[in-house]
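Okay, structure first, notes after.
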Amino acid sequence: MSTTLEKEIHRRKTFGIISHPDAGKTTLTEKLLLFGGAIQEAGAVKSNKIKKGATSDFMEIERQRGISVATSVLAFEYKGKKINILDTPGHKDFAEDTYRTLTAVDSVIVVIDVAKGVEEQTEKLVEVCRMRNIPMLVFINKLDREGKDAFDLLDEVEQKLGLRVTPLSWPIGIGLDFQGIYNMWEKNLKFFTEEKKQKVGESIEIKDINASVVDELIGNAAAETLRSEQELISSVYPEFSKEEYLRGTLQPVFFGSALNNFGVQELLDAFVEIAPNPFPKMSDIRLVNPEEPTFTGFVFKIHANMDPKHRDRLAFVKVVSGTFRRGTNYLHVRQNKIMKFSSPAAFFADKKEIIDESYPGDIVGLHDTGNFRIGDTLTEGEKLSFKGIPYFSPEHFRFINNEDPMKAKQLAKGIDQLMDEGVAQLFTMEMNGRKVIGTVGALQFEVIQYRLEHEYSAKCSYELVQIHKACWVETEDEKSPEFLEFKRIKQKFLARDKFGQLVFLADSAFSITMTQEKYSSVKLHFTNEF
Ligand code: G4P
């Protein structure tokens, strides 16, 4: 094994920040980049939030797309580690984008607003991470504001998110009384030095929390509260164990205020010490280890060029094993095609650069003229495919119609490419070939219509269709009388997805239950990977 490869793997930490919109993901990202010296001033990282009402939705979508290319990956160096932050959209209509990005991270930081507690989007995203045993750190933000009691919040995190938590830092006061943070990880105190709570003092090492210096620093009352809270913590919460954190069975919690730069360094210092290096990844035939000398990687995101005159796209590849090299022949496994990339890009906080080599954990941006689809695998020749980027059943469905008969080809191409990007899913009805678009959020229908018009000069309209869920159909015997009857009776509701898999577009939850009861040998799945 090459020692450079091994050294580079051990230096890499690739993670995502997940939160409900407004909890402080952008602010925290920015503060992490400031610590890493990757940016010089606050305000440099743009929020990728869809701002409702500010401008027309279309403009907002374009603005968001522009930002999301720029902030897809933010890399920086800190204490000798190479840290890659993968951006995840917070808007629920783009949840599927976030799920896919989560297949490329090795750990996550969950940001929670101290006043709002656990919110809907956080719940959904954490559930995905929990199912995959992704190691998670929790950051409770906005401690400078009045919020919930720290113990109540920990309870809420445990109950609503199903996590097993242990605090590694603890707030001294909250809101107006917020004085600072006791860092239980490094046993030191950090507190504000100014009334306005904008300047953070040096951290002061505290060997013994009972020492009188604590009283002098934060006052008798706060010192007593801190001591009794620490006692309670040690009797209630499990001791931190790095192994358990890495297995996804224990989640350390940090408190702070991203806006005021408080508690962020504690979080980052603990992160670089405990967060995992790139994990091995399962493929359809075997587990692939990062240390293997031959390169493998997979596409988890595709971004169309913002300039409609240049139709090329950027495919984001996570390097799983070996060294990716510029200008080298690689196998595009699905298409069984050899490809070579002359200008692969790496991403840094403020720029994109052409690189010669990339290592496991890194994200490489490859120019693509339409060869890639989300989930595609690249290797040095081995025929393996990485698993785990499933498509979920969409929530909203509509027939899509061509509004300009002269532009049928453009429309078909546009739809095809937008589906490759993962904007939505396309189903073709078995009976009459009509096309149904399925999306996670209603906003995507606007996105598709707008982009078809602006990028492909094609016009479409939508028509409502009564579909509740898409269920992927599995059967052991395609010729069995039961399956043939199912196909005949449900004909009207059957479609093929983009990959040619049979899908039952059920019109109600009741219909799914009835179908499952009646045709017990026909299995219905809510994702396309089963
Ligand atoms: P997001 O990416 O998770 O959606 O959240 P973002 O960082 O954009 O933060 C949402 C709002 O919360 C912003 O205010 C931000 O300034 C504020 N915020 C973030 N961290 C803290 C904190 O520690 N304390 C307090 N008090 N506020 C915090 P905004 O008014 O919506 O936007 P802006 O005009 O300040 O940018």
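The values are calculated or read from the model by the stated rules, or taken from the named source; none is laboratory data. None of these values were measured; they are calculated from a predicted model. Cβ coordinates were reconstructed from backbone atoms using ideal geometry, including for glycine residues, and neighbour counts include every protein chain displayed.
Is it fair to say Leu28 is at pLDDT below 90 and under 19 Å from the mean Cα position of the chain (by Cα)?
So Leu28 fails the test.
Confirm whether Lys52 is at pLDDT below 60 and within 16 Å of the ligand (Cβ to nearest atom).
yes
Identify, please: which residue in the stretch 1-36 is part of a helix (DSSP H, G or I) and aliphatic (A, V, I, L, M) and is, among those, nearest to Glu357 (Cα to Cα)?
Checking each candidate, the answer is Leu5.
Based on this model, can you work out whether Ser457 counts as assigned by TED's automatic domain parsing to the domain that holds Asp420 and at positive phi?
Yes: the conditions hold for Ser457.
Is it fair to say Glu463 is modelled with pLDDT of 90 or more, more than 16 Å from Val522 (Cβ to Cβ) and touching a Phe, Trp or Tyr at 6+ places or on another chain (Cβ under 9 Å)?
Yes, satisfied.
Can you find a residue that is closer than 23 Å to Pro290 by Cα and part of a loop (DSSP other than H, G, I, E, B) anywhere in the stretch 347-358?
Within the stretch 347-358, one or more residues are closer than 23 Å to Pro290 by Cα and part of a loop (DSSP other than H, G, I, E, B).
Would you please name the residue that is farthest from the ligand (Cβ to nearest atom), looking only at residues in the stretch 88-118 that are among the charged types (D, E, K, R) and in contact with a Lys or Arg (Cβ under 9 Å, 6 or more places away or on another chain)?
Asp106
I'd like the residue in the stretch 244-275 that is touching a strand residue (DSSP E or B) at 6+ places or on another chain (Cβ under 6 Å) and of a type in the set (Gly, Ala, Ser) and, out of all such residues, is farthest from the ligand (Cβ to nearest atom).
Within the stretch 244-275, the match that is farthest from the ligand (Cβ to nearest atom) is Ala275.
Among the helices (runs of 4 or more DSSP H) confined wholly to the stretch 65-166, which include 1 or more residues that are touching a His at 6+ places or on another chain (Cβ under 8 Å) and either surrounded by fewer than 20 Cβ atoms within 10 Å (Cβ to Cβ) or acidic (Asp, Glu) (or both)?
Passing ranges, in order: 120-131.
In the stretch 318-341, what residues are within 22 Å of Asn84 (Cβ to Cβ) and in a loop (DSSP other than H, G, I, E, B)?
Selection gives Gly322, Thr323, Arg326, Thr328, Phe341.
Which condition from (1) surrounded by 15 or more Cβ atoms within 10 Å (Cβ to Cβ); (2) in contact (Cβ under 8 Å) with a residue 12 or more places away in the chain is the one that Gly381 breaks?
Condition not satisfied by Gly381: (1).
Output the residues belonging to the stretch 119-149 that are away from the ligand (no atom under 14 Å from the Cβ) and over 15 Å from Leu246 (Cα atoms).
Glu123, Lys124, Val126, Glu127, Val128, Lys148, Asp149
Being within 15 Å of Phe399 (Cβ to Cβ) and surrounded by 16 or more Cβ atoms within 10 Å (Cβ to Cβ) is the filter here; which residues of the stretch 429-443 pass it?
Result: Met429, Glu430, Lys435, Val436, Ile437, Gly438, Thr439.
Just the residues that are closer than 15 Å to Trp185 by Cα, of a type in the set (Gly, Ala, Ser) and surrounded by 21 or more Cβ atoms within 10 Å (Cβ to Cβ), please, taken from the stretch 237-269.
Within the stretch 237-269, Gly256, Gly263 qualify.
Of the numbered conditions (1) within 26 Å of the chain's Cα centre (by Cα); (2) surrounded by 16 or more Cβ atoms within 10 Å (Cβ to Cβ), Gln410 fails exactly one; give the number of that condition.
It is condition (1) that Gln410 fails.
Say whether the condition of being modelled with pLDDT under 95, closer than 23 Å to Val288 by Cβ, surrounded by 15 or more Cβ atoms within 10 Å (Cβ to Cβ) and aliphatic (A, V, I, L, M) is met by at least one residue in the stretch 328-335.
No.
For the stretch 513-527, give me each residue that is out of contact with any Pro (no Cβ under 6 Å at 6 or more places or on another chain) and under 22 Å from Val128 (Cβ atoms).
Answer for the stretch 513-527, where residues must be out of contact with any Pro (no Cβ under 6 Å at 6 or more places or on another chain) and under 22 Å from Val128 (Cβ atoms): Leu524, His525, Phe526.
Can you tell me which residues in the stretch 167-215 are modelled with pLDDT of 75 or more, of a type in the set (Gly, Ala, Ser) and either in a strand (DSSP E or B) or touching an Asp or Glu at 6+ places or on another chain (Cβ under 9 Å) (or both)?
Ser169, Gly175, Gly180
Results for (1) at pLDDT below 95; (2) under 30 Å from Leu34 (Cβ atoms), shown as yes or no for each residue.
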position: Asn261; (1), (2): yes, yes
position: Val264; (1), (2): yes, yes
position: Phe271; (1), (2): no, yes
position: Pro276; (1), (2): no, yes
position: Pro280; (1), (2): no, no
position: Ile285; (1), (2): no, no
position: Pro290; (1), (2): no, yes
position: Thr294; (1), (2): no, no
position: Lys301; (1), (2): yes, yes
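Conditions (1) without any contact (Cβ under 8 Å) to a residue 40 or more places away in the chain; (2) of a type in the set (Lys, Arg); (3) within 16 Å of the ligand (Cβ to nearest atom), marked per residue:
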| residue | (1), (2), (3) |
| --- | --- |
| Pro238 | no, no, no |
| Lys242 | yes, yes, no |
| Asn277 | no, no, no |
| Asp284 | no, no, no |
| Asn289 | yes, no, no |
| Ala304 | no, no, no |
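List, please: which pairs have Cβ atoms under 6 Å, are six or more places apart or on different chains, and start with a residue in the stretch 20-33 that is within 9 Å of Leu259 (Cβ to Cβ) and assigned by TED's automatic domain parsing to the domain that holds Glu266 and end with one that is more than 7 Å from the ligand (Cβ to nearest atom) and among the polar types (S, T, N, Q)?
Lys31/Asn261
With surrounded by 22 or more Cβ atoms within 10 Å (Cβ to Cβ) and more than 26 Å from Ala104 (Cβ to Cβ) as the only criterion, which of Phe347, Phe386, Phe397 stands out?
The match here is Phe397.
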